[in-house]
């Protein structure tokens, strides 16, 4: 057998000797920096955003927000499905002899059914201005409307009966919401203005560009609105000399409102108030620039039961201006559609010149009551619609194992987005919601809504200048982020933010100012790849 000789370089032998003797190799290892282990937030791998209510069958479905909570009992599921039917019920002008259960629409309103503002239980379509147009008139397909109020002389600090609990001041002869649609004879000049409500509303957009430090440019659009042809002064506009309409006066404040998704609402109401209030930092004691404030609002449920202090923590609405799913749902039923109910038995325009003239002119028995003097819908309808909104399932997260999604979760925390978009809570295990017994399906659930439900000053770019209870004209409630990645799967025409101005999540981030400006600037200073990772994380929610 031949002996084979292997030549080993001398320097290699030396290296082996030094290593074996614990020589300079150890010193070199000690000088080499050890990379810090990457720590991901606790929520990175969570998929069941709504705890046991979560649906895992909504991933790429246009009905991804419309699934009942999966842990309902058979009895609860039947009630939920009844509410689903009522949620999509389109009402008609009263009187409707053939279908009296459907009459009561209006006489002025924004839409004829709940689904029109919450398409497939998500956001409504953002109105588009077509090429060649400068503006578009809001019509029957608009899920966006205007809140209106009179400017107050002083800032309301604490609500009580003497100051109407700091509620917005109604516009005389109009109220607190502008209804751009009407039944056929809603107005005295109905021959010239058929199906027009309190006024015509036109939408246009202003645009601006934002440029990242790396040179990437993004075009942002901001909605502008014009109100014309009010019923109390037909044909008038803001440019008319000697304005007479109550609606067009300089001290009337107006703010766009976009229809919100309605899933997971019962879980948000089932969060203990103390758990929300622990995030209040009104004077920014921790010096992070974030000053969450609670809104305390009039509670119609408490008032109906005779509570001497009918005020509760606001949780719902763009400015946290409603305290419960019941008040939110039944208030919209009466306000947006014109359907009175046991909680709101009077027409929203009761006592106005428009309503009085309509009843006199038509002779219709449309005072907000049915032929027996009861509200236009009863307890069965009301309770089912409320329960439906309380028990729609939260969709599960998707793609959580993808590296970009995981990195985006880490960056989301690094940018301090979680200071307002608080990731998780555990719902309470007892008590009621909206003055009624809470479903067991909502109790004791670990949920991941990514919101603190508090008010934050978002800067002048997003301000509408219209206070709402304790919320200032530049404060908005932190929007829950769960399900946001499915928004445009459910409705491809949906936009983001309170007025639908943002066509993408990136645009929504770029509009953040005020308390969120530091996080927004930090986002802009990320690399393009890192920004895409943040968006990938949001799309996984």
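The values are calculated or read from the model by the stated rules, or taken from the named source; none is laboratory data. Everything numeric here is computed off the predicted structure, so don't read it as measured data. When we count neighbours, we look across all protein chains shown, and the Cβ atoms used for this are built from the backbone with ideal geometry, even at glycine.
Tabulated data for the structure shown
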{"quantity": "Filter pass, residue 110 being crowded, with 23+ Cβ neighbours inside 10 Å and closer than 22 Å to residue 469 by Cβ", "calculated": "yes"}
{"quantity": "Residue list for region 82-100, restricted to those being surrounded by 15 or more Cβ atoms within 10 Å (Cβ to Cβ) and free of Cβ contacts under 8 Å to residues at least 60 places away in the same chain", "calculated": "89, 92"}
{"quantity": "Flag for residue 258 being in contact (Cβ under 8 Å) with a residue 12 or more places away in the chain, closer than 15 Å to residue 165 by Cα and touching a strand residue (DSSP E or B) at 6+ places or on another chain (Cβ under 9 Å)", "calculated": "no"}
{"quantity": "Residue in region 194-201 that is surrounded by fewer than 21 Cβ atoms within 10 Å (Cβ to Cβ), touching a helix residue (DSSP H, G or I) at 6+ places or on another chain (Cβ under 9 Å), modelled with pLDDT of 95 or more and closer than 30 Å to residue 491 by Cβ present", "calculated": "no"}
{"quantity": "Matching residues in region 207-254 - criterion: being under 17 Å from residue 136 (Cα atoms) and part of a strand (DSSP E or B)", "calculated": "207, 221, 222, 223, 224, 225, 226, 227, 228"}
{"quantity": "Region 274-308 - residue that is surrounded by 13 or more Cβ atoms within 10 Å (Cβ to Cβ) and free of Cβ contacts under 8 Å to residues at least 24 places away in the same chain and, of those, farthest from the chain's Cα centre (by Cα)", "calculated": "307"}
{"quantity": "Within region 50-82, tally of residues that are closer than 19 Å to residue 438 by Cα and over 21 Å from the mean Cα position of the chain (by Cα)", "calculated": "14"}
{"quantity": "Those residues of region 59-76 which are under 17 Å from residue 123 (Cα atoms) and modelled with pLDDT of 95 or more, in sequence order", "calculated": "65, 66, 67"}
{"quantity": "Condition met for residue 450 (at positive phi and either part of a strand (DSSP E or B) or touching a residue at least 12 places away in the same chain (Cβ under 8 Å) (or both))", "calculated": "yes"}
{"quantity": "Those residues of region 399-442 which are crowded, with 19+ Cβ neighbours inside 10 Å and in a loop (DSSP other than H, G, I, E, B), in sequence order", "calculated": "415, 420, 421, 422, 423, 427, 428, 434, 438, 439"}
{"quantity": "Condition check for residue 248: crowded, with 18+ Cβ neighbours inside 10 Å and free of Cβ contacts under 8 Å to residues at least 24 places away in the same chain", "calculated": "yes"}
{"quantity": "Subset of region 114-127 that is outside any helix (DSSP H, G or I) and touching a helix residue (DSSP H, G or I) at 6+ places or on another chain (Cβ under 7 Å) - its residue that is surrounded by the fewest Cβ atoms within 10 Å (Cβ to Cβ)", "calculated": "125"}
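The rows are residues; the columns are (1) part of a loop (DSSP other than H, G, I, E, B); (2) surrounded by fewer than 12 Cβ atoms within 10 Å (Cβ to Cβ); (3) modelled with pLDDT under 95.
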residue: 129; (1), (2), (3): yes, no, yes
residue: 133; (1), (2), (3): yes, yes, yes
residue: 142; (1), (2), (3): yes, no, yes
residue: 147; (1), (2), (3): no, no, no
residue: 157; (1), (2), (3): yes, yes, yes
residue: 164; (1), (2), (3): no, no, no
residue: 189; (1), (2), (3): yes, no, no
